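Here is the structure we will look at.
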Amino acid sequence: MIELQNVTYRYEDGASPALEDVALSIERGEFLAVVGHNGSGKSTLAKHLNALLLPSGGKVLVDGMDTADPKLTLAIRQKVGMVFQNPDNQLVTTVVEEDVAFGPENLGVPPQEIRQRVDAALASVGMTKYATGAPHMLSGGQKQRIAIAGMLAMEPEVLVLDEATAMLDPRGRREIIETVSRLHREKGITVVMITQYMEEALAASRIAVMSEGKLLMAGPPQKDELRRHRLDVPAMKELADALRENGVDLGEDILTVEDMAQAVCRSLSKS
Ligand SMILES: Nc1ncnc2c1ncn2[C@@H]1O[C@H](COP(=O)(O)OP(=O)(O)OP(=O)(O)O)[C@@H](O)[C@H]1O
Ligand SMILES: [Mg+2]
């Protein structure tokens, strides 16, 4: 779906490159997480995926289209939707459904089809009942779901989330991860999720690790490998794994203290 061929990027005033010789193929329908410390180049990488930035060296192909070709920019942006960190910067109107319609309107989609797309997009993120409400009345997690709906209404094939949960409380984070996981599972949307939270990265089928502008590794979520890069799996997942190895299986998807508490309560009430 997206191919980065030895991509190097230098900001004008940057001493060392923000991206250095990054080679990465993102498969159609894949759920890729990108992790790495502050300043490692994650956002710079994300902005290359829909031609917000163009490589200083190397090439980015989106569904075969070279992002450096200005004639293809619009087609590329339609294929790759981006959701950023701050929900308040992404909502532009005073009515939820108008906000979701904003993207397809700019694409020149006919009004009747816009209606259908807006309804479908709001349903996909579980926000139908807020359609005629005001965005500023929503929680951070709900606002991000509206931002995602706005992207979906443009019918992208790839959704890139650049720390889209960073400003949310745990509940908002969970809402977004669940929404994105479901869109990936049910609609086959390709997801690239940049995150600082290891427990979120574990929702992905592959994790790319960035460090100082370089891609250190890209592979299935593996504890040892991640730990080597000091990107540890959450303590509660390790505890659950250790318990399972010792004959106490509390289930597979324990990542947070809350998950663990619930699993322990469930297990106790069973026995
Ligand atoms: N607009 C800019 N101009 C100059 N240098 C920049 C600019 N944006 C980022 N950089 C530099 O490029 C490098 C990579 O930054 P980038 O924002 O891609 O990292 P990141 O992994 O997204 O970090 P964070 O976790 O803080 O979001 C850093 O050294 C940063 O200081
Ligand atoms: Mg960033």
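Quick note: the coordinates plus some simple rules give every number you see, no bench work behind them. What you see is a predicted model, and the numbers here were worked out from it, not measured in a lab. All Cβ positions, even for glycine, are placed from backbone atoms using ideal geometry, and neighbour counts span all protein chains on display.
Considering all C-alpha pairs of region 81-155, those separated by over 13 Å amount to 57%.
Principal axis analysis of the Cα atoms in region 1-61 yields extents of 36, 24, 18 Å, listed in decreasing size. Kirkwood hydrodynamic radius of the chain, from the reciprocal of the average inverse Cα-Cα distance over all distinct pairs: 19.7 Å.
3J(HN,Hα) along region 66-80: 6, 5, 6, 8, x, 5, 9, 4, 4, 4, 5, 5, 6, 7, 10 Hz, from the Karplus curve 6.51 cos²θ - 1.76 cosθ + 1.60 with θ = phi - 60°, whole Hz, x for Gly and Pro. Past the 21 Å Cα-Cα mark, which pairs from Lys47/Lys214; Lys59/Lys79; Lys79/Lys187; Lys42/Lys143; Lys47/Lys79; Lys59/Lys214? Among Lys47/Lys214; Lys59/Lys79; Lys79/Lys187; Lys42/Lys143; Lys47/Lys79; Lys59/Lys214, the Cα-Cα distance tops 21 Å for Lys42/Lys143. Each peptide in 17-30, 247-260 was scored by the mean count of other Cβ atoms within 10 Å over its residues; highest first, the order is 17-30, 247-260. Rounded to the nearest 0.05, what FRET efficiency do Glu113 and Ser56 have when you use their Cβ-Cβ distance and R0 = 51 Å? Efficiency, rounded to the nearest 0.05: 0.85. Placing pseudo-labels 7 Å out from each Cα toward the beta carbon at Asp241 and Arg185 gives an inter-label distance of 2.2 nm. Within the straight-line cut-off of under 16 Å between alpha carbons, the aspartates and glutamates reachable from Lys237 are Glu199, Glu200, Asp224, Glu225, Glu245, Asp249, Glu252, Asp253, Glu258, Asp259, sequence neighbours fewer than 8 places apart in one chain being disregarded. Sequence-ordered 3J(HN,Hα) estimates for region 17-23 from the Karplus curve with 6.51, -1.76 and 1.60 and θ = phi - 60° stand at x, 6, 10, 9, 6, 7, 10 Hz, glycine and proline given as x.
For Met210, the amide hydrogen comes within under 5 Å of the amide hydrogens of Val35, Gly36, Leu216, counting only partners 5 or more places away or on other chains and with H modelled in the peptide plane.
Calculated FRET efficiency, Asp21 to Ser269, Cβ-Cβ distance, R0 = 51 Å: about 0.40 to the nearest 0.05.
3J(HN,Hα) along region 253-262: 9, 9, 10, 10, 4, 5, 4, 4, 4, 5 Hz, from the Karplus curve 6.51 cos²θ - 1.76 cosθ + 1.60 with θ = phi - 60°, whole Hz, x for Gly and Pro.
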